[in-house]
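Everything on this sheet refers to the single structure shown next.
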Amino acid sequence: MKKILVTGALGQIGTELVMKMREIYGNDNVIATDLRKPEGNNVVESGPFELLDVTDGARMKEIAKEYEVDTLIHLAALLSATAEAKPMLAWNINMGGLVNALETAKEFNCKFFTPSSIGAFGPSTPKKNTPQDTIQRPTTMYGVNKVSGELLCDYYFHKFGVDTRGVRFPGLISYVAPPGGGTTDYAVDIFYEALKNKKYTSYIAEGTCMDMMYMSDAVQAIIDLMEADASKLKHRNAFNITAMSFEPSEIAAEIKKHIPEFEMDYDVDPMRQGIADTWPDSIDPTAAKEEWGFKAEFDLAKMTADMLQKLKEKGI
Ligand code: NAD
Ligand code: AKB
């Protein structure tokens, strides 16, 4: 990877990925793009930044040409809860943006990465240790977009030879940029509320297990997959990856080890609970481990200690 274009670069993932890639590949070689350009933002200030709405395919190609990009990391999307509230907008951004990004990668011969999600599974998928290759009949707009995206990325590889790669991320936990409207956001919110108010009301019900991962592991996974030897990849897109699986009371108990006064109660949100109920309890990352050496450094205990420490350093 030498000249990397990132869409949705100011989101939860992009904010940390861009900074890490600028460290590795050089500030000028990572071109960040998003819908907005906030002043004083690290991603905007530390290297090239362009305004880009991913539904504008012509503008995406102009930027790719101007910077002579050879890698496209497509992150712009609406997440599960927002997509369920605005399904047509989600279709237009998630599918329209992806097809524009794939067309740009095809025209400029770019390596390509886009994330799928545990949301690509549905109620008829085996729920525990969900296999890499299994039933995918999601019942959410986000899930429909993610399965379609997985297939479209495979199609562009087989039909046009575009070097498409991707993972199915679980819920991502981070302290730099806030999460952008997902079902798993509770696992980030809980840390802020624990530090500020010593209590949290979970919108996800007791007993609902979902896969999660700390952002530094997620960023490393993107870099490792993009650097992986293509000849070793039997799958290319939609690798299951995960670092931990827990339900709300388990993360609450872990936080309580650091903040003994912390208490959690529940006020379940039917929409987000309805989405979570259709997702796996835990997924099997064996294919990612075998084909490109995926590994996660942070489990629940290590992630919780680091999150609390980093948020305290930020003055939360
Ligand atoms: P986010 O919501 O934090 O960020 C998305 C970014 O895209 C935002 O900065 C937003 O301004 C931008 N954006 C929205 N519409 C746009 C448009 N039309 N044109 C250009 N930019 C636009 O999302 P994220 O968490 O960083 O997720 C990035 C990708 O990773 C998405 O495909 C998401 O589905 C996937 N993913 C995320 C998680 C997670 O837990 N964060 C888990 C699984 C998969
Ligand atoms: C969401 O909850 O929408 C995301 C995801 C798991 O895709 N965090």
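The values are calculated or read from the model by the stated rules, or taken from the named source; none is laboratory data. Computed from a predicted structure; not experimentally measured. Glycine gets a Cβ as well: all are built from the backbone with ideal geometry, and neighbour counts include every protein chain shown.
Miscellaneous remarks
- Region 186-225 - residue that is charged (D, E, K, R) and under 19 Å from the mean Cα position of the chain (by Cα) and, of those, farthest from ligand 2 (Cβ to nearest atom): Asp224
- You will find that of Thr164, Thr183, the residue that is over 21 Å from Ser245 (Cβ atoms) and touching a helix residue (DSSP H, G or I) at 6+ places or on another chain (Cβ under 8 Å) is Thr164 and no other.
- Of all residues in region 105-122, those that are free of Cβ contacts under 8 Å to residues at least 60 places away in the same chain have Cβ atoms under 9 Å from Cβ atoms of residues that are among the acidic types (Asp, Glu), 6 or more apart or on another chain, in Ala105/Asp163; Phe108/Glu68; Phe108/Asp70; Asn109/Asp70; Asn109/Asp163; Phe112/Asp163.
- Enumeration of residues in region 27-86 that are of a type in the set (S, T, N, Q), surrounded by fewer than 24 Cβ atoms within 10 Å (Cβ to Cβ) and under 30 Å from Thr278 (Cβ atoms): Thr55, Thr82
- Gly26 being at pLDDT 95 or above and within 16 Å of ligand 2 (Cβ to nearest atom): no
- If you go through region 218-270 and pick out every residue that is assigned to a helix (DSSP H, G or I), loosely packed, with under 13 Cβ neighbours inside 10 Å, of a type outside the set (Lys, Arg) and touching a residue at least 60 places away in the same chain (Cβ under 8 Å), you end up with 2.
- Positions within region 153-208 being closer than 17 Å to Ala77 by Cα, in contact with a strand residue (DSSP E or B) (Cβ under 6 Å, 6 or more places away or on another chain) and part of a loop (DSSP other than H, G, I, E, B), in sequence order: Gly166, Pro170, Thr184
- Pairs where the first residue, in region 292-316, is at positive phi and the second is not aliphatic (A, V, I, L, M), C-beta under 8 Å, 6+ apart: Gly293/Asp224
- Flag if Ser174 is within 12 Å of ligand 2 (Cβ to nearest atom), at pLDDT 95 or above and polar (S, T, N, Q): yes
To keep it simple, each residue is scored yes or no on (1) under 19 Å from the mean Cα position of the chain (by Cα); (2) over 30 Å from Thr140 (Cβ atoms); (3) among the polar types (S, T, N, Q).
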| residue | (1), (2), (3) |
| --- | --- |
| Lys37 | no, yes, no |
| Val44 | no, yes, no |
| Phe49 | no, yes, no |
| Gly57 | no, no, no |
| Glu62 | no, yes, no |
| Val69 | no, yes, no |
| His74 | yes, no, no |
| Ala83 | yes, no, no |
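- Index of the failed condition, Thr208 passing every other in (1) among the hydroxyl-bearing types (Ser, Thr, Tyr); (2) touching a helix residue (DSSP H, G or I) at 6+ places or on another chain (Cβ under 6 Å); (3) surrounded by 21 or more Cβ atoms within 10 Å (Cβ to Cβ): (3)
- Residue in region 201-212 that is more than 12 Å from ligand 1 (Cβ to nearest atom) and aromatic (Phe, Trp, Tyr) present: yes
- Of the criteria (1) more than 16 Å from ligand 2 (Cβ to nearest atom); (2) free of Cβ contacts under 8 Å to residues at least 40 places away in the same chain, which one Gly274 fails: (1)
- Looking across region 99-132, the residues that are more than 14 Å from ligand 2 (Cβ to nearest atom) and surrounded by 24 or more Cβ atoms within 10 Å (Cβ to Cβ) come down to Ala101, Leu102, Thr104, Ala105, Cys110, Phe112, Phe113.
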